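A.B. asks: Mind having a look at this structure? Questions to follow.
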Amino acid sequence: MQPGARRLADVFAQERERFLRFIDRRSFDGDSLDPEDILSEVIFHLLQRATFVAEIENLTAYIYRSLANRLTDYRRKSRPTVVLEDTPGASETGGINLPSSRPQPDQVLALQELQVRLRDAIDQLGVKERAVWIATEIDGRSYKELAEEWEEPIGTLLSRKSRASARLRLLLSDYRNHKELP
């Protein structure tokens, strides 16, 4: 067994009940969360990265943070809302109206307007700032990968991305203040 996996198993054996209480205290009554499922999922993901786990100084705190993050992720998932109203079309679904997954025309128009504004704002960035912003935000590339390819320090790329993001926030601030973003 890898040292990280052994260490994780030891911490899990010692702290299992505390982890479960931690999850239980942060669960809402309406959640269909099973604390055992959440804990096993987090432990499973940590076991997959056992070499990384071996390097963590305070593993117990790391597990607590992982559990809190997993609970937050669970709550952020979009779940369909059920409206119990007597509205047109309710009879076809047994009195329950489920929201449509298709965007409304005003939402489509707002998204198109945002895309045009964003393209214009990106075009106003400097060449290097635009390149790093597009590479990380749109293409999903890592800073390490870009640093090696472009032969630039990661810190330089981070600074360019920060300047680009600040400039975009400034250029889009009037839109953000007056429109509800989709």
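A.B. asks: Given (1) touching a helix residue (DSSP H, G or I) at 6+ places or on another chain (Cβ under 7 Å); (2) on the phi > 0 side of the Ramachandran plot, identify the lone condition not met by Ile122.
C.D. replies: Just one mismatch for Ile122, condition (2).
A.B. asks: Let me ask you something else. Being assigned to a helix (DSSP H, G or I) and either among the polar types (S, T, N, Q) or in contact with a His (Cβ under 7 Å, 6 or more places away or on another chain) (or both) is the filter here; which residues of the range 122-163 pass it? Please lay out each step first, then the result.
C.D. replies: Within the range 122-163, the first condition is being assigned to a helix (DSSP H, G or I), and the residues that meet it are 122-123, 127-138, 143-150, 154-163.
Result: Thr136, Thr156, Ser159, Ser162.
A.B. asks: Would a scan of the range 112-121 turn up a residue that is in a loop (DSSP other than H, G, I, E, B) and touching a residue at least 40 places away in the same chain (Cβ under 8 Å)?
C.D. replies: Taking the range 112-121 as the starting set, the residues that turn out to be in a loop (DSSP other than H, G, I, E, B) are none.
Among the residues of the range 112-121, not one is in a loop (DSSP other than H, G, I, E, B) and touching a residue at least 40 places away in the same chain (Cβ under 8 Å), which makes the answer no.
A.B. asks: Looking at Glu180 and the list (1) at pLDDT 90 or above; (2) part of a loop (DSSP other than H, G, I, E, B), which single condition is not satisfied?
C.D. replies: The failed condition is (1).
A.B. asks: Give the residues of the range 113-130 that are hydrophobic (A, V, I, L, M, F, W, C) and surrounded by 13 or more Cβ atoms within 10 Å (Cβ to Cβ), sorted by residue number.
C.D. replies: Selection gives Leu114, Leu118, Ala121, Ile122, Leu125.
A.B. asks: Identify all residues within the range 17-32 that are basic (Lys, Arg) and modelled with pLDDT of 90 or more; write none if there are none.
C.D. replies: Listed by number, the list holds a single entry, Arg18.
The values are calculated or read from the model by the stated rules, or taken from the named source; none is laboratory data. As the structure is a computational prediction, the values presented were derived from the model and not from experiment. Glycine gets a Cβ as well: all are built from the backbone with ideal geometry, and neighbour counts include every protein chain shown.
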